[in-house]
1. Out of the residues in segment B:88-104 that are open to solvent by less than 20 Å² (accessible area, probe 1.4 Å) and more than 17 Å from B:Cys167 (Cβ to Cβ), which is modelled with the lowest pLDDT?
2. State yes or no: is B:Arg121 over 30 Å from B:Lys29 (Cβ atoms), away from every other protein chain (no Cβ under 14 Å), at pLDDT 90 or above and in contact with a helix residue (DSSP H, G or I) (Cβ under 9 Å, 6 or more places away or on another chain)?
3. Sort out which residues of segment B:43-87 are buried (at least 17 other Cβ atoms within 10 Å of the Cβ), touching an Asp or Glu at 6+ places or on another chain (Cβ under 7 Å) and of a type in the set (A, V, I, L, M, F, W, C), and write them in order of number.
4. From (1) modelled with pLDDT of 95 or more; (2) surrounded by 23 or more Cβ atoms within 10 Å (Cβ to Cβ); (3) at positive phi, pick out the condition that doesn't hold for B:Leu10.
5. For A:Cys284, are the conditions met, namely being touching a Cys at 6+ places or on another chain (Cβ under 7 Å), part of a loop (DSSP other than H, G, I, E, B) and within 14 Å of chain B (Cβ to nearest Cβ)?
6. Part of a helix (DSSP H, G or I), more than 25 Å from B:Glu94 (Cβ to Cβ) and within 9 Å of chain A (Cβ to nearest Cβ): is that true of B:Leu238 in this structure?
7. How about segment B:54-88: which of its residues are closer than 26 Å to B:Ala226 by Cα, touching a residue at least 24 places away in the same chain (Cβ under 8 Å) and of a type in the set (A, V, I, L, M)?
8. Does A:Pro261 count as open to solvent by 10 Å² or more (accessible area, probe 1.4 Å) and touching a Phe, Trp or Tyr at 6+ places or on another chain (Cβ under 6 Å)?
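The values are calculated or read from the model by the stated rules, or taken from the named source; none is laboratory data. Every value quoted in this text rests on a predicted model; they were computed, and no experiment measured them. Don't worry about glycine lacking a Cβ; one is built from the backbone with ideal geometry, like all the others, and counts go over all protein chains shown. Quick note on the areas: whole protein, heavy atoms, side chains included, nothing else; ligands and nucleic acids left out. Shrake-Rupley method; radii C 1.70, N 1.55, O 1.52, S 1.80 Å.
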Amino acid sequence: MTGAPAIEVRGLRREFRVRQGLFAPPKQVIAVDDVSFAVPAGSVLGVVGESGCGKSTLARLILGLLEPTAGDVLVDGQRLSGMDRRARARLIQPVFQDPFASLNPKRRVRDIVAMPLLAQGSIGRAEMDRRVDEALDRVGLSIHQGTRVPAQLSGGQRQRVAIARALVLRPRIVVCDEPTSALDVSVQAQILNLLAELRTDLGLTYLFISHNLAVVEHIASEVAVMYLGRIVERTESESLFAAPRHPYTRALLASVLTPEPGLGVPDVGLGDIMPDPANIPPGCRFHPRCPVAIGICSTEAPKPAHGAAGLVECHLA
Amino acid sequence: MTALLEVRDLRVTIGSTAAVRGASITVNKGETHCLVGESGCGKSISALSVMGLLPRGSKRETTALRFAGEEIGTYGEKQMERLRGDRMAMIFQEPMTSLNPAYTVGSQMTEVLRRHRGTPRAQAVDRAAELLALVGITAPGLRLGQFPHQLSGGLRQRVMIAMALMCDPELLIADEPTTALDVTVQAQILRLLATLQKDLGLGILLITHDLGVVARIADRVSVMYAGEVVESAPTAALFADPEHPYTRGLLTCVPVPGKVKRGEPLGSIPGVVPRVTPGFTGCGFRDRCSQAHAACAGTIPRQAVADGHELLCTLSPGWGRQAAA
């Protein structure tokens with residue numbers, strides 16, 4: 001690892017104002033709350049958490065699709081805010097969950113993949129064709145499939161198109177937001193293998209967001225666990241899965257149903273209070289669901305403890 | 001064990017697609033039978049055809065469709081209406097699309113009892129509150145007065161389950177009941193289903209694409225591919241000795257924490273699920289199968305591997321172990 005980290009965020013915060021009704025005053029929702037981390041070039045940071053934990057907002061902030069309320073995003077050492085959109089597109093690209101929604105249904109695959117090149121405005125026709133062919137080939141699509149429209153492709157092929165479009169500008173970083181969640185298991189495995197292969201061959205850095213912990217364990221070098229807008233634990237993948245330190249991480253891991261018959265369905269012990277980003281509890285935000293909470297947890301927010309093993313935010317860890 | 005639901009040689013054609021091609025499924029009393037497969041394999045259509053809820057323009061044929069010993073394949077819509085929601089109930093993946101957004105939880109739940117049993121409102125409300133408590137909802141009185149959009153995804157799914165239980169059904173069909181939920185909530189809902197089954201003696205037909213769910217909750221599994229049940233076995237046997245090349249492929253596709261090394265590629269099945277038209281013969285998996293040979297285009301034999309373990313394949317049982325030896 002040399003030079004600047006591929007992605008660095010410092011004190012990142014994003015608030016939304018949510019209207020409660022016609023006359024009620026709008027409510028403040030803090031989707032991402034004081035998040036800091038760095039992703040070394042060539043590695044994969046997996047981000048996990050339940051729906052509403054802010055993981056997709058984090059992705060959009062890092063892609064520059066949302067402006068942070070406070071804090072900074074640095075991509076390849078450069079501050080994202082104020083960066084030229086075209087320069088940004090050459091550095092960082094997204095792959096989203098639903099290839100049915102993220103591809104223009106009326107355009108041919110080739111034209112979809114060429115779009116980022118066209119938007120650069122400085123690339124000639126011949127060069128563009130060459131780069132599109134190269135990107136399609138990289139993701140395992142034929143020239144013939146390039147002439148089709150998305151409706152003529154399967155879900156897995158469509159996700160390949162989305163990956164080709166992300167790669168055509170040869171970015172250094174790809175933000176994958178639930179890239180395999182809409183796919184069947186046999187196809188999910190194909191896409192995960194493709195993403196892993198592309199990372200090694202092209203030296204890419206991934207921010208990999210998923211609710212599927214087994215998938216994240218398989219692909220990520222480091223994992224960040226998000227809960228109500230904060231990263232509550234961040235550790236190298238192997239130690240996180242072997243020895244989770246935050247009670248929330250333990251509960252998440254316990255909920256994973258591995259295909260091992262006879263083990264039954266585990267008792268996660270979280271109760272039925274659901275996290276609500278519009279009503280973040282005082283103290284440790286996890287305490288109402290925490291099976292091991294003590295007195296201090298409901299009054300005082302734990303400070304992030306940085307150690308050799310990573311970061312954890314819990315009074316008891 | 002008595003068969004609660006017995007489906008023999010189910011065939012469903014929708015337009016020019018042969019959605020189900022001769023599937024046989026049996027659910028015993030007090031048993032959870034999982035139908036597993038990828039999208040388009042016919043698992044949901046099989047379930048809908050049991051409930052008599054197939055889309056317009058589809059054609060259903062069976063040699064037998066028996067519920068609690070009675071042939072229901074010949075039932076008309078009126079008779080099916082009396083069964084549905086009463087002795088057999090169904091829950092779906094997305095509770096928001098199956099709950100009516102314009103009515104409160106209470107009025108939707110009580111309607112089931114009032115309609116099927118003519119129960120007076122007050123009694124029906126009591127029953128609804130009792131069931132909400134049973135499915136682990138802490139303030140049933142409050143929830144009864146709320147609208148579906150005021151509930152979280154996990155709560156909505158619990159309401160759906162409670163509603164399905166209003167008339168004490170004997171059979172519950174659950175189509176991907178936890179797919180839209182977070183893993184933590186999924187575990188809670190599945191635990192709930194398992195407990196309810198034990199307490200109430202329900203027969204459950206559970207449809208899922210998630211092999212983790214299957215392993216943890218099913219007594220018996222049927223793997224579907226291209227409209228056929230390609231393998232059916234008791235859960236432990238299926239995971240220990242998968243016979244069909246598709247089942248074996250599917251099991252290698254799932255990353256198992258601690259089992260598959262990071263950085264090593266996962267197993268995957270090349271190609272995509274075919275769309276099968278009426279008149280298609282042979283094995284639907286042969287284009288993706290590494291073991292395919294000429295006989296796979298002909299009639300595929302249904303073979304008994306062991307007691308209760310059936311295989312639809314031209315390979316003889318135990319082929320995998322012989323190949324490895």
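1. Taking segment B:88-104 as the starting set, the residues that turn out to be open to solvent by less than 20 Å² (accessible area, probe 1.4 Å) are B:88-89, B:91, B:95, B:99.
Then keep just the ones that are more than 17 Å from B:Cys167 (Cβ to Cβ); that gives B:95, B:99.
Numbers: B:Pro95: 76, B:Leu99: 90.
Looking at residues that are open to solvent by less than 20 Å² (accessible area, probe 1.4 Å) and more than 17 Å from B:Cys167 (Cβ to Cβ), I get B:Pro95.
2. Numbers: over 30 Å from B:Lys29 (Cβ atoms): yes; away from every other protein chain (no Cβ under 14 Å): yes; at pLDDT 90 or above: yes; in contact with a helix residue (DSSP H, G or I) (Cβ under 9 Å, 6 or more places away or on another chain): yes.
When the stated conditions are applied, B:Arg121 passes them.
3. B:Ala47, B:Leu65, B:Ala68
4. It fails just one condition, (3).
5. Details: touching a Cys at 6+ places or on another chain (Cβ under 7 Å): yes; part of a loop (DSSP other than H, G, I, E, B): yes; within 14 Å of chain B (Cβ to nearest Cβ): no.
No; evaluated as a whole, the condition is false for this residue.
6. On the way: part of a helix (DSSP H, G or I): yes; more than 25 Å from B:Glu94 (Cβ to Cβ): yes; within 9 Å of chain A (Cβ to nearest Cβ): yes.
Against the criterion (part of a helix (DSSP H, G or I), more than 25 Å from B:Glu94 (Cβ to Cβ) and within 9 Å of chain A (Cβ to nearest Cβ)), B:Leu238 qualifies.
7. B:Leu54, B:Ala64, B:Leu65
8. Details: open to solvent by 10 Å² or more (accessible area, probe 1.4 Å): yes; touching a Phe, Trp or Tyr at 6+ places or on another chain (Cβ under 6 Å): yes.
Taking the combined requirement at face value, the residue satisfies it.
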